[in-house]
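Chemist: I'd like to ask you about the structure that follows.
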Amino acid sequence: MLNVVIFGAPGSGKGTQSARIVEKYGLNHISTGDVLRAEIKNGTELGKTAKGYIDNGQLIPDALMIDILAGVFDGFKDGKGVIFDGFPRTIAQADALKAMLKERGQEVSVMLDLEVPEDELMTRLIKRGQETGRADDNEETIKKRLVVYHSQTAPLIDWYKNDGTYRHINGLGTMDGIFADICEAIDKL
Ligand code: AMP
């Protein structure tokens, strides 16, 4: 199984590159952000809870997120593996992912860290907000999300370095160029 964690700050291109990885390598895709947005759209209890956190640029509590992730993962019928997009976002989530995969006889094959400078992230997210109307892509919420990224999510870089699965990817460049670097990292596994 090829289990890929695609990692990076908001606006680093995780979703865009995930779609291409899915297509090339035949992986199942879990985007926790997409799962939550679908719940909000459907007006579920989970969606109502999640909306409060998302609109405020905060993370959904770990225990809730971990349950959601395990449910989606176990719903996959088959495939060559999974790409985790937007999960884990905290050390507790990384620990839980490792344990969940281990229970199922699997592990993370690689963690791809898409690094993009902060001013570029801001430009991309504001543009996305204007184009898609995504509620949390406004300047005030983006700033909060970047603070949360640095304080709660960025420590995972060292966590995955210790795990031996960390790979740095320069997230600045053309979509094709970045995808080529990603494929090189995956194909080396
Ligand atoms: P994303 O689409 O991945 O940028 O996620 C949008 C928002 O959903 C985040 O700002 C969080 O509020 C929430 N979210 C997505 N994934 C997670 C996660 N793994 N843990 C906690 N909150 C999450």
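Derivation of every value follows stated rules applied to the coordinates shown; laboratory data play no part. Since this is a predicted model, take the numbers as computed values, not measurements. Virtual Cβ from ideal backbone geometry, glycine too; neighbours counted across all protein chains shown.
Chemist: Mind checking the stretch 31-111 for chymotrypsin sites (Phe, Trp or Tyr not before Pro) that DSSP puts in a loop (not H, G, I, E or B) and that have at most 14 other Cβ atoms within 10 Å?
Modeler: Within the stretch 31-111, the qualifying chymotrypsin sites (Phe, Trp or Tyr not before Pro) (loop, at most 14 other Cβ atoms within 10 Å) are PHE76.
Chemist: Another question, then. Explain nothing, just the number: relative contact order of the stretch 82-189, from Cα pairs under 8 Å at least 6 residues apart, as a whole percent.
Modeler: RCO, the stretch 82-189: 36 percent.
Chemist: Before rounding to the nearest 500, sum -39500 (n - 2.57) across all DSSP H runs of length at least 4 in the chain and divide by the residue total; then give [θ] at 222 nm in deg cm²/dmol.
Modeler: Calculated mean residue ellipticity at 222 nm is -17500 deg cm²/dmol.
Chemist: Among GLY43, GLY171, GLY129, which one shows the highest mean-square fluctuation when the chain is modelled as a Gaussian network with alpha-carbon springs under 10 Å?
Modeler: Residue with maximal mean-square fluctuation among GLY43, GLY171, GLY129: GLY43.
Chemist: So, one more: Looking only at ALA19, ALA94, ALA50, which one moves most when the chain is put into a Gaussian network model with springs between Cα atoms under 10 Å?
Modeler: ALA19
Chemist: For the stretch 62-131, which trypsin sites (Lys or Arg not before Pro) are in a loop by DSSP, counting at most 15 other Cβ atoms within 10 Å?
Modeler: LYS77, LYS80, ARG104
Chemist: Return the loop-located GluC sites (Glu not before Pro) in the stretch 49-115 (DSSP other than H, G, I, E, B) with at most 14 other Cβ atoms within 10 Å of their own Cβ; answer none if there are none.
Modeler: Counting only loop positions with at most 14 other Cβ atoms within 10 Å, the GluC sites (Glu not before Pro) in the stretch 49-115 are GLU107.
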